[in-house]
Amino acid sequence: MTWSAFLPTFGFLFVVVMLRANATYLLARGAAAGSRRYLTAGEGGRSPRWVRARELVNRWGPIAVVACFLTVGIQTAVIGTAGAARMPLRRYLPAVTLGSLLWATLYATVGLAAARAWLAAAARWPGTVAAVAVLLVIAVSVVLWRRRHGGTDSAALSTRTREAVPTSGDDVRS
């Protein structure tokens, strides 16, 4: 990989992830500000749980923000929590910048190399690559379906369906 391919890719990915992460943070912070009245104790002060959660995010949050960029699937949750807990910007901005740098570097190097390898394979063996792509889509679909439906097999699913269907003796008017 040359610098002429890496630098524009890295720059683009860094800008995209910074915009996305900071938009998530600001949306969560705004939503929390709008719902703040539900988070207060009866006397008008903060509840002890809310105070403790905010202290934990303020103390360990920057580490979590950086680390979430090296994972798949929890970035939005961690960054949203940081925004909702009103992590101070002096802690959040350096953490999100470092995390974004790591993420952009990872995707601009490993991600770009994987994309190039996939395209080279597609040029040489288009039928094989198409078959692998179809199998990957099917595998991901099966995994997602099982997660959504609790990993049930068809027998358990049909039992659940029969239980949900009312019989003639059931009163279905209510």
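Throughout, read-outs are computed from the coordinates displayed, never taken from laboratory work. As the structure is a computational prediction, the values presented were derived from the model and not from experiment. Note that we place each Cβ from the backbone using ideal geometry, even for glycine, and neighbour counts take in every protein chain shown.
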Exercise for the section: For residue 109, put the label point 7 Å out on the Cα→Cβ axis and report which residues of region 1-35 keep their amide N under 20 Å from it. Expected result: 1-18
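Rounded, prolate or oblate: pick one for region 68-130, where a ≥ b ≥ c are the square roots of the eigenvalues of its C-alpha gyration tensor, a/c under 1.5 means rounded, and failing that, prolate if a/b is larger than b/c, else oblate. Please list the in-between numbers first.
Details: a/c = 6.58, a/b = 2.84, b/c = 2.32.
In terms of gyration-tensor shape, prolate.
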Practice task
Determine which residues of region 1-27 fall in the zone a paramagnetic label at residue 116 would reach in this model, i.e. backbone nitrogen under 15 Å from the point 7 Å along Cα→Cβ.
Solution key: 1-10
Exercise for the section: Using a Förster distance of 30 angstrom, determine the FRET efficiency expected from the C-beta separation of residue 133 and residue 27, and round it to 0.05. Expected result: 0.30
